[in-house]
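*Asks:* After the structure tokens below, expect a handful of questions from me.
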Amino acid sequence: MSTLPSLSSAPATAPDLSAKFSAQRSTTALKTSVGEPTRLNVVVVGHVDHGKSTLIGRLLFDTDSIPQGKAEAIQKACAAEGMEFEYAFLMDALLEEQEQNITIDTTRIPFRTAARDYAIIDAPGHTEFLKNMVTGAASAAAAFVLIDAREGIREQSRRHAFLLGLLGVPQFVVLINKMDVAGYSEARYREIVSTYSAFLQQLGLAAQHFIPISAKHGDNIAHRSAQMPWFTGPTVVEALDAFEDTQTLAAKPLRFFVQDVYRFDERRIIAGRVESGSLRVGDKVVFTPGGRTSTVKTIERWSAPKRDTAEVGESVGFTLAEQIFVERGAIAAHETDTPFEDRQFRARIFWMSKNPLAPGRAYRLRLATQDVPCEVLSIERVIDATSLDEVARPAAELTVQRHEVAEITLRARQAIAFDDRRHFSVTGRFALIEGRLSAGGGIVLPGSYHRRAAGGPAPVENLFWAEGKVTPQRRAARNGHSGRVVWFTGFSASGKSTLAVELERQLFNAGRQVYLLDGDNLRHGLCAGLGFSAADRTENIRRAAEAAKLFADAGIICLAAFISPLRSDRDRARSLLAPGQFLEVHVATPLEICRQRDPKGLYARADRGEIKEFTGVTAPYEPPENPELVLHPELESVESCVTRLLELLVETDDSAYNI
Ligand code: GDP
């Protein structure tokens with residue numbers, strides 16, 4: 001680690017800016033940029049003090065990536081404070097400069113060689129590295145692993161290699177640093193190469209090169225070292241330029257991570273980032289999980305001229321030709337190659353939290369922009385990431401301790417979308433979040449899941465996580481939404497049941513707790529014996545409302561479909577529930593259209609006088625004055641009405657969970 005000297009009026013002691021940097025960096029880590037140039041992302045890992053920052057500073061310096069005069073200014077400031085100049089300061093200085101400009105993603109340090117542009121992913125420790133990798137904030141295409149020639153291989157040298165393998169960083173080079181303090185000894189270099197190669201081999205990995213360097217003195221960085229004539233391999237810059245450009249992401253199938261859905265009047269703009277492939281106006285896209293499809297109508301950019309395509313790395317928005325419900329977390333793909341989706345799968349994880357991972361514990365699983373509660377069902381195997389030995393622990397105490405690796409079975413509360421890590425590394429990795437911290441990261445093990453047919457029912461099982469008093473908050477925490485009543489009112493044949501049935505199906509498939517309380521069905525049981533007199537109708541609605549309230553209290557989204565013609569009856573139903581828990585939906589199909597539809601022949605019978613007090617014929621209907629939503633199924637498709645209902649449920653959820 002290094003401390004940047006002050007460049008202004010030199011204080012007596014150099015301020016430690018590193019804490020400030022890491023705090024600021026983490027807040028901007030997920031910031032995306034529009035039209036960002038494509039660069040090869042490289043991560044530098046290694047044991048603490050083996051020279052990561054020095055190497056980065058040296059690379060910046062030797063490739064002339066430091067602004068004119070900056071290096072000299074830092075050298076002078078060091079001299080003034082009687083401090084030894086460190087190349088690491090150059091990295092800090094560059095980061096400090098970037099932070100003046102908040103639009104730049106400060107997790108990446110840009111530089112270029114004669115051959116191409118690069119970004120070094122600044123990952124001071126493996127927690128940051130893992131977090132960056134699994135959140136997709138910065139996915140490395142290549143890595144440098146640093147090993148101090150004098151100290152040799154340490155735990156993190158091994159652990160980081162394990163992580164590179166686990167996370168699928170496709171290519172890496174091992175740099176044996178501080179060769180100056182190891183007397184530029186070929187024997188020492190060979191000894192480390194031989195031991196470390198054997199370790200990598202056990203992981204099924206192979207370094208592209210081993211390079212003996214001195215980051216401090218510049219040996220074999222941009223220039224071949226005169227001190228080590230015995231080494232005939234590439235310099236660090238040559239090795240960098242030889243990394244394969246994995247911008248082949250452009251040639252891969254489309255993966256678009258939905259970050260948000262913005263509503264402007266009737267338009268909905270689906271905002272996110274093209275992670276692979278490309279998106280064009282007219283493309284049919286599938287949103288996973290769930291499998292809803294629609295066609296891209298327009299591609300929207302905030303600060304760039306309109307174009308009909310969006311390429312890898314671009315953050316854009318798009319609108320759809322048909323209105324469907326899309327929310328943050330969905331992954332858009334083309335029909336020909338969609339991600340998998342499942343609730344349960346096996347995973348290989350790396351654990352970082354000091355609280356051990358144990359069966360039955362609940363975490364949040366973060367993959368791409370998805371963030372879903374999940375539970376550890378079982379732990380199959382625990383491995384020591386530095387020795388690669390299986391950890392023997394009695395079955396009853398099977399937990400995963402900090403820095404251990406394990407194979408576990410996870411079950412998420414709702415289906416999540418993911419890919420086979422061998423084909424799509426970013427969507428094949430996930431983070432496990434404990435509270436607000438990344439507690440672990442991992443990959444989904446191939447073959448441990450099923451591809452669920454789009455739109456098919458998701459299994460719903462009871463999960464027993466919470467102990468103690470079951471409060472509405474606990475129910476909401478388990479269900480991922482609060483209990484509510486959606487009360488559909490409107491004429492007979494207005495479409496209340498059709499909409500409620502479809503809404504119930506979609507909510508159920510998305511793993512929500514939902515129950516449809518249908519007027520006709522209730523009259524067979526709870527309300528049997530009640531007729532259609534004004535008094536009986538009011539009693540019928542009173543019982544229905546009380547039943548709906550019980551469901552909402554139980555944490556369920558209760559869909560109640562009742563003609564409920566009287567305002568006073570509906571208002572009483574509303575008064576049973578807490579503010580915001582009762583959502584009145586007026587299905588406002590005009591009477592003439594309901595009469596024409598007349599699927600059960602009821603209007604005809606009422607006209608003939610066979611049904612007394614039939615709403616709209618011989619009994620009044622009082623439309624709601626302030627309903628939460630008015631729907632016109634005669635003008636809009638069922639899918640579009642259901643989309644609006646789902647959006648209403650998202651907007652009105654006060655439980656801090658999106659439905
Ligand atoms: P990090 O924790 O991996 O980022 O390590 P730093 O880059 O902060 O380096 C740790 C210490 O090792 C610093 O005092 C550096 O000056 C020193 N160092 C780094 N590279 C070399 C090198 O090639 N030779 C020598 N002698 N010292 C080095």
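The values are calculated or read from the model by the stated rules, or taken from the named source; none is laboratory data. Everything numeric in this text was worked out from a predicted model, so none of it was measured. With ideal geometry, Cβ positions are generated from the backbone for all residues, glycine too; neighbour counts draw on all protein chains shown.
*Asks:* What about Phe162, is it at pLDDT below 85, closer than 18 Å to His403 by Cβ and assigned to a helix (DSSP H, G or I)? Lay out the reasoning, then the answer.
*Replies:* On the way: at pLDDT below 85: no; closer than 18 Å to His403 by Cβ: yes; assigned to a helix (DSSP H, G or I): yes.
The answer is no for Phe162.
*Asks:* Only residues that are buried (at least 20 other Cβ atoms within 10 Å of the Cβ) and of a type in the set (Val, Ile, Thr): list them for segment 325-349, please.
*Replies:* Val326, Ile331, Thr338, Ile349
*Asks:* Quick one: Glu155 ticks every box in (1) more than 16 Å from the ligand (Cβ to nearest atom); (2) loosely packed, with under 15 Cβ neighbours inside 10 Å; (3) not small (Gly, Ala, Ser) except a single one, so which number is it?
*Replies:* Going through (1) more than 16 Å from the ligand (Cβ to nearest atom); (2) loosely packed, with under 15 Cβ neighbours inside 10 Å; (3) not small (Gly, Ala, Ser) one by one, Glu155 breaks only (1).
*Asks:* Using the structure shown, decide if Ala80 is modelled with pLDDT under 80 and of a type in the set (Gly, Ala, Ser).
*Replies:* no
*Asks:* With respect to Val501, is the statement that it is closer than 25 Å to Val372 by Cβ and of a type in the set (Val, Ile, Thr) true?
*Replies:* no
*Asks:* Which residues, taken from segment 263-297, are aromatic (Phe, Trp, Tyr) and either surrounded by fewer than 20 Cβ atoms within 10 Å (Cβ to Cβ) or in contact (Cβ under 8 Å) with a residue 60 or more places away in the chain (or both)? Show your work before the answer.
*Replies:* Here is the first cut: in segment 263-297, the residues aromatic (Phe, Trp, Tyr) are 264, 287.
Scanning segment 263-297 gives a single hit, Phe264.
*Asks:* How many residues, within segment 498-512, are surrounded by fewer than 18 Cβ atoms within 10 Å (Cβ to Cβ), more than 16 Å from Glu636 (Cβ to Cβ) and either touching a helix residue (DSSP H, G or I) at 6+ places or on another chain (Cβ under 7 Å) or of a type in the set (S, T, N, Q) (or both)?
*Replies:* 0
*Asks:* Here is a follow-up. Checking the condition touching a strand residue (DSSP E or B) at 6+ places or on another chain (Cβ under 7 Å) and not acidic (Asp, Glu), which residue from Ser303, Ser225 passes?
*Replies:* The match here is Ser225.
*Asks:* Does Phe418 fit the bill of being within 16 Å of the chain's Cα centre (by Cα) and modelled with pLDDT under 85? I'd like the intermediate steps shown before the answer.
*Replies:* Details: within 16 Å of the chain's Cα centre (by Cα): yes; modelled with pLDDT under 85: no.
No; evaluated as a whole, the condition is false for this residue.
*Asks:* I'd like the residue in segment 230-258 that is under 30 Å from Ile416 (Cβ atoms) and of a type in the set (Gly, Ala, Ser) and, out of all such residues, is farthest from the ligand (Cβ to nearest atom).
*Replies:* So the residue we want is Ala251.
*Asks:* Condition first: assigned to a loop (DSSP other than H, G, I, E, B), out of contact with any Lys or Arg (no Cβ under 6 Å at 6 or more places or on another chain) and of a type in the set (Lys, Arg). Now tell me which residues in segment 381-407 satisfy that.
*Replies:* Listed by number, the list holds a single entry, Arg393.
*Asks:* Could you tell me how many of the residues in segment 50-76 are within 40 Å of the chain's Cα centre (by Cα), among the charged types (D, E, K, R) and more than 11 Å from the ligand (Cβ to nearest atom)?
*Replies:* Going through segment 50-76 one residue at a time, the tally reaches 3.
*Asks:* Tell me yes or no: at least one residue of segment 312-324 is surrounded by fewer than 19 Cβ atoms within 10 Å (Cβ to Cβ) and under 19 Å from the mean Cα position of the chain (by Cα).
*Replies:* Among the residues of segment 312-324, not one is surrounded by fewer than 19 Cβ atoms within 10 Å (Cβ to Cβ) and under 19 Å from the mean Cα position of the chain (by Cα), which makes the answer no.
*Asks:* Can you tell me which residues in segment 181-199 are farther than 27 Å from Ile443 by Cα, touching a residue at least 40 places away in the same chain (Cβ under 8 Å) and buried (at least 18 other Cβ atoms within 10 Å of the Cβ)?
*Replies:* Listed by number, the residues that qualify are Tyr184, Tyr189, Ile192.
*Asks:* Filtering segment 171-192 down to residues that are within 13 Å of the ligand (Cβ to nearest atom) and in a strand (DSSP E or B), which residue is nearest to the chain's Cα centre (by Cα)?
*Replies:* Leu175
*Asks:* Let me ask you something else. Could you list, in sequence order, all residues of segment 363-380 that are part of a strand (DSSP E or B) and in contact with a Phe, Trp or Tyr (Cβ under 8 Å, 6 or more places away or on another chain)?
*Replies:* Hits for segment 363-380 are Leu365, Arg366, Leu367, Pro373, Cys374, Glu375, Val376.
*Asks:* Report yes if some residue within segment 614-636 is touching a helix residue (DSSP H, G or I) at 6+ places or on another chain (Cβ under 7 Å), among the small types (Gly, Ala, Ser) and crowded, with 17+ Cβ neighbours inside 10 Å; otherwise report no.
*Replies:* Checking segment 614-636: at least one residue is touching a helix residue (DSSP H, G or I) at 6+ places or on another chain (Cβ under 7 Å), among the small types (Gly, Ala, Ser) and crowded, with 17+ Cβ neighbours inside 10 Å.
*Asks:* Picking from Arg267, Arg280, which residue would you name as being of a type in the set (Lys, Arg) and modelled with pLDDT of 95 or more?
*Replies:* Of the residues listed, the single one that is of a type in the set (Lys, Arg) and modelled with pLDDT of 95 or more is Arg280.
*Asks:* Also, I was wondering about something else. Checking the condition touching a residue at least 12 places away in the same chain (Cβ under 8 Å) and within 16 Å of the ligand (Cβ to nearest atom), which residue from Gln227, Gln202, Gln208 passes?
*Replies:* Result of the check over Gln227, Gln202, Gln208: Gln227.
*Asks:* Considering every residue within segment 273-281, establish whether at least one is over 30 Å from Glu647 (Cβ atoms), β-branched (Val, Ile, Thr), away from the ligand (no atom under 16 Å from the Cβ) and within 24 Å of the chain's Cα centre (by Cα).
*Replies:* Within segment 273-281, not a single residue is over 30 Å from Glu647 (Cβ atoms), β-branched (Val, Ile, Thr), away from the ligand (no atom under 16 Å from the Cβ) and within 24 Å of the chain's Cα centre (by Cα).
*Asks:* Scanning segment 24-43 for residues that are surrounded by fewer than 24 Cβ atoms within 10 Å (Cβ to Cβ) and modelled with pLDDT of 50 or more, which turns out farthest from the ligand (Cβ to nearest atom)?
*Replies:* Step by step, filter segment 24-43, then rank; the result is Thr38.
*Asks:* Would you tally the residues in segment 77-92 being near the ligand (Cβ under 9 Å from one of its atoms) and surrounded by fewer than 18 Cβ atoms within 10 Å (Cβ to Cβ)?
*Replies:* Final tally of qualifying residues: 1.
*Asks:* Let me ask another. Do any helices (runs of 4 or more DSSP H) entirely within segment 547-630 hold 1 or more residues that are at pLDDT 95 or above and closer than 30 Å to Gly480 by Cβ, and if so, which?
*Replies:* Helices (runs of 4 or more DSSP H) meeting the threshold: 567-576.
*Asks:* Assess whether Ser294 counts as being hydroxyl-bearing (Ser, Thr, Tyr) and either touching a Gly at 6+ places or on another chain (Cβ under 9 Å) or under 27 Å from Arg39 (Cβ atoms) (or both).
*Replies:* no
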